[in-house]
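Inspection log for the structure reproduced underneath, given as structure tokens.
The values are calculated or read from the model by the stated rules, or taken from the named source; none is laboratory data. Everything quoted here is computed from the prediction, not taken from an experiment. Cβ placement follows ideal geometry from the backbone for every residue including glycine, while neighbour counts extend to all protein chains displayed.
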Amino acid sequence: MQPANLLPLIGVLIALVFALGYGKSRALAAPLGGIRNLKSLPFYYGARAAIWCGLPALAVLAFWLGFENKIIQTLVIGGLPAELQPDSAGRASLVLSQISNVASGALPPDFVPPGIVAAADRLQGLRADSRLLMTLLVIAVAVLGGFIAWTRIAPYINAREKYEATVQRLLFACAAVAILTTVGIVFSVIFETIRFFGKVPFTEFVFGTSWSPQTAIRADQVGAEGAFGMIPLFVGTLLISAIAMLVAIPVGLLSAIYLAEYASPRARKIIKPLLELLAGVPTVVYGFFAALTVAPFISGLAAAVGLEASSESALAAGLVMGIMIIPFISSLSDDVINAVPQSLRDGSLALGATQSETMIKVIFPAALPGIMGGILLAVSRAIGETMIVVMAAGLAANLTVNPLETVTTVTVQIVTLLVGDQEFDSAKTLAAFALGMMLFIVTLALNVVALRVVRKYREHYD
Amino acid sequence: MNMHMEHPELEYGKTVGNAFSADPKFSLRDVEVYYGDTQAIKGISLDIARNEVISFIGPSGCGKSTFLRCLNRMNDSIDICSVRGRLELDGRDLYDPKQDVVELRARVGMVFQKPNPFPKSIYDNVAYGPRIHGLANRKAELDEMVENSLRKAGLWNEVKDRLDRPATGLSGGQQQRLCIARTIAVSPEVVLMDEPCSALDPIATARIEELISELSENFTIIIVTHSMQQAARVSDRTAYFHLGHLVEVNETNKVFTAPEHSLTESYITGRFG
């Protein structure tokens, strides 16, 4: 049976066991004088039995699906005749894909040696066996678990406590998924980064002021020795992020203040969702806007006042990115400002302060930690943004702080390094991981600072 | 007794006792307050004399807080709330479109039910009012105002060494006295108090009541309270509100010993409320 069919079956079993457990506990309670004489409510007995039925079965299923392929592949490869035995890992995967192609019918059997055809048959046989075995095992585990739990229902057992403990563990497991993913990402990047630093010295990468990642493919190639200095990229990133924040912080904050303190409830109901809509626009669309509308406008404007501006500029990308970030800041700040207790507003107004004095002197300072947190999160967003920059700021790694020039950012370079056919052990490709690592460290540091700021001032009111 | 039914002994706009004064600070006539379509205050007329302490008592939802908040126009910020009638402070209409609400609130200060110090230092809390009204020209002057206000509120000795510490670190009773200090720092003429002790323990309450007696020398004080003992201890006159009506106003002594209206009597003897 396919896992897709097996899951609903387990669901049915769980529901059945729940109903049986529920029923049994009620039946047990009846001679005792009602469910008040049970340690827990019937729901908890049913739920506990259902957990015993479902969790082990699902665990077995997950485990089986996780290891099934590896084991089958090993068996198939091991069963190949000696002359077809692969001599390297690359060769093995080639043979395996040949076998599975034959098995699925994508490759006619006439094109391959008979040993492969036999292996394909074997593969299919093993797969069928595995599915059958898995189905039987999972159902057996579910039924057995449910049965054991069902037999153990007794009035003196406190099923509620056990149910609650399981729920708590499940919640913990969910939280752990996010953490484990982060750890996994970090590790996958770390190893490639270490390999990169084996090819390019750490100091050259961190302090180098020139970025030109083309490395020679042939030894006699000219002018392609490659330079991996990350400074121009980080300067470009910071320049664009700074421009974006210069747009987003004032506009976002002031619109949040308007929404939270001045707008009538009706205006607020209309404006807030519209502002949040800005956050839903795909960044590619912002990219069009930046590249086709804003960038030419800026270069035209610069030309009109006698400045030289390239058609792709940091300013265009930064401005549009700032617009994109406005809803992050306005929405978060609006929530924070709304969370400031009404009693503080009343206290200030009752002293004869005007609405704007109240805003500036009482509400804004009280909301500042939350607003700072929102701004720092928005900065991380700006640093990580790629699409707008690719389209509007260009690819040239100029070390400049002139916003009218073309610059490039860390994320854009990561993309260009990994796009297209690459050999995966060249310095050029590995540099992408090193850049990713640096970016990760920077945004992580920003997030840590943001959380700290928020936490430090949190107890301030109330 | 069904509190939600219009009581036969309630007559619209009728108040027994001694509601008027020859030289009123506040002169309030036929005041009606509406929340949307609901009428919360039903034609109340009342004078509040200079430098008197008057208590508003009555069951929850009787409109005493709503009425109090008309006196410094704190109801303005509630969109659906509308106030009708003539409300005068020293002969000037409070709700005149030309009346500057900032000036009004500088003259009529307010202390709230729950202490609401700003998340600033103790000093900055008290200095807040003088600063926004530009009352002090120099730092030394402001320092003096802060000290005076804290002294009047009986808080100076407890906080003089930690004026730069956050006000939110004070105890509930200290916070409420700080709020009183903050209010009187602006030198108002009237102080409105909306159940100022309901969030405090008995010791802090006693301290605030003492303070009210001391302040009554310089300020007109209007206090909403749920505690009849408190009304009896601190106020010159007591006003009994019921379902948006002002039922009876009299000298406090008289209200608690010989109430004229049967509803007042029922309330103070604990038959409802």
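Counted as qualifying within segment A:240-357 are the helices (runs of 4 or more DSSP H) with 1 or more residues that are within 14 Å of another protein chain (Cβ to nearest Cβ), namely A:265-280, A:314-339, A:342-350.
This table checks each residue for (1) under 24 Å from A:T416 (Cα atoms); (2) modelled with pLDDT of 90 or more.
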{"residue": "A:L170", "(1), (2)": "no, yes"}
{"residue": "A:R195", "(1), (2)": "yes, no"}
{"residue": "A:P201", "(1), (2)": "yes, no"}
{"residue": "A:G208", "(1), (2)": "yes, no"}
{"residue": "A:Q214", "(1), (2)": "yes, no"}
{"residue": "A:G223", "(1), (2)": "yes, no"}
{"residue": "A:A244", "(1), (2)": "yes, yes"}
{"residue": "A:L253", "(1), (2)": "no, yes"}
{"residue": "A:A256", "(1), (2)": "no, yes"}
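Going through segment B:156-170 one residue at a time, which ones are within 14 Å of chain A (Cβ to nearest Cβ) and either of a type outside the set (A, V, I, L, M, F, W, C) or assigned to a helix (DSSP H, G or I) (or both)? Within segment B:156-170, B:R165, B:P166, B:A167, B:T168, B:G169 qualify.
For segment B:43-61, filtered to residues that are at pLDDT 90 or above and over 15 Å from the mean Cα position of the chain (by Cα), the residue that is surrounded by the most Cβ atoms within 10 Å (Cβ to Cβ) is B:I44. Please tell me if B:L28 is of a type in the set (A, V, I, L, M), touching a residue at least 60 places away in the same chain (Cβ under 8 Å), under 24 Å from B:K98 (Cβ atoms) and within 14 Å of chain A (Cβ to nearest Cβ). It is false that B:L28 is of a type in the set (A, V, I, L, M), touching a residue at least 60 places away in the same chain (Cβ under 8 Å), under 24 Å from B:K98 (Cβ atoms) and within 14 Å of chain A (Cβ to nearest Cβ). All of B:R182, B:R177 fail the test of being buried (at least 22 other Cβ atoms within 10 Å of the Cβ) and either in contact with an Asp or Glu (Cβ under 9 Å, 6 or more places away or on another chain) or acidic (D, E) (or both), apart from B:R177.
Residues in segment B:219-273 that are among the hydrophobic types (A, V, I, L, M, F, W, C), surrounded by fewer than 16 Cβ atoms within 10 Å (Cβ to Cβ) and touching a residue at least 40 places away in the same chain (Cβ under 8 Å): B:F272 alone.
Residue by residue, here is whether (1) in contact with an Asp or Glu (Cβ under 8 Å, 6 or more places away or on another chain); (2) in a helix (DSSP H, G or I); (3) within 14 Å of chain A (Cβ to nearest Cβ) holds:
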{"residue": "B:E88", "(1), (2), (3)": "no, no, no"}
{"residue": "B:M110", "(1), (2), (3)": "yes, no, yes"}
{"residue": "B:P115", "(1), (2), (3)": "no, no, yes"}
{"residue": "B:D124", "(1), (2), (3)": "no, yes, yes"}
{"residue": "B:G129", "(1), (2), (3)": "no, yes, yes"}
{"residue": "B:E144", "(1), (2), (3)": "no, yes, no"}
{"residue": "B:G154", "(1), (2), (3)": "yes, no, no"}
{"residue": "B:P188", "(1), (2), (3)": "no, no, yes"}
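Looking across A:L75, A:L94, one residue alone is within 40 Å of the chain's Cα centre (by Cα) and either modelled with pLDDT under 80 or more than 20 Å from A:L132 (Cα to Cα) (or both). It is A:L94. Taken together, the criteria exclude A:V407 from residues that are surrounded by 16 or more Cβ atoms within 10 Å (Cβ to Cβ) and within 10 Å of chain B (Cβ to nearest Cβ). Just to be sure, is A:G23 in a helix (DSSP H, G or I), free of Cβ contacts under 8 Å to residues at least 60 places away in the same chain and not hydrophobic (A, V, I, L, M, F, W, C)? Judged against the criteria, A:G23 is a match. Taken together, the criteria exclude B:P202 from residues that are modelled with pLDDT under 95 and buried (at least 20 other Cβ atoms within 10 Å of the Cβ). Select from segment B:182-202 the residues that are among the aliphatic types (A, V, I, L, M) and under 12 Å from the mean Cα position of the chain (by Cα) and list them in ascending order. Within segment B:182-202, B:V190, B:V191, B:L192, B:M193 meet the criteria. Set side by side, the residues A:V412, A:V362 differ, and just one is under 24 Å from the mean Cα position of the chain (by Cα) and modelled with pLDDT of 85 or more, which is A:V412.
Looking only at segment A:138-193, which residues are among the aromatic types (F, W, Y), touching a Lys or Arg at 6+ places or on another chain (Cβ under 8 Å) and either loosely packed, with under 13 Cβ neighbours inside 10 Å or not assigned by TED's automatic domain parsing to the domain that holds A:A57 (or both)? If the condition is that a residue be among the aromatic types (F, W, Y), touching a Lys or Arg at 6+ places or on another chain (Cβ under 8 Å) and either loosely packed, with under 13 Cβ neighbours inside 10 Å or not assigned by TED's automatic domain parsing to the domain that holds A:A57 (or both), then A:Y156, A:Y163 are the ones that fit. Condition check: assigned to a helix (DSSP H, G or I), within 30 Å of A:L13 (Cα to Cα) and over 33 Å from the mean Cα position of the chain (by Cα). Does A:G66 satisfy that? Taking the combined requirement at face value, the residue does not satisfy it. When restricted to residues that are part of a helix (DSSP H, G or I) and within 9 Å of A:G115 (Cβ to Cβ), segment A:69-88 contains 2.
Taken together, the residues in segment A:347-364 that are surrounded by fewer than 19 Cβ atoms within 10 Å (Cβ to Cβ) and more than 16 Å from B:D100 (Cβ to Cβ) amount to 3.
Under 7 Å between Cβ atoms, at least 6 apart or on separate chains: pull out the pairs that start in segment A:106-125 with a residue that is touching a residue at least 12 places away in the same chain (Cβ under 8 Å) and over 15 Å from A:N69 (Cα atoms) and end on any residue that is of a type outside the set (A, V, I, L, M) and part of a helix (DSSP H, G or I). Sorted first by the residue in segment A:106-125, then by its partner, the pairs are A:V112/A:Q98; A:I116/A:Q98; A:V117/A:P109. If you go through segment A:365-378 and pick out every residue that is more than 24 Å from A:I271 (Cβ to Cβ) and either modelled with pLDDT of 90 or more or within 11 Å of chain B (Cβ to nearest Cβ) (or both), you end up with 2.
Screening segment B:17-68 for strands (runs of 3 or more DSSP E) wholly inside it with 1 or more residues that are more than 20 Å from B:T220 (Cβ to Cβ) returns the ranges B:24-35, B:38-49. Note on segment B:90-108: residues that are within 11 Å of chain A (Cβ to nearest Cβ) and outside any strand (DSSP E or B) amount to 8. Among the residues of segment B:131-142, those identified as at the interface with chain A (Cβ under 10 Å from one of its Cβ atoms) and in contact with a Leu (Cβ under 8 Å, 6 or more places away or on another chain) are B:R131, B:I132.
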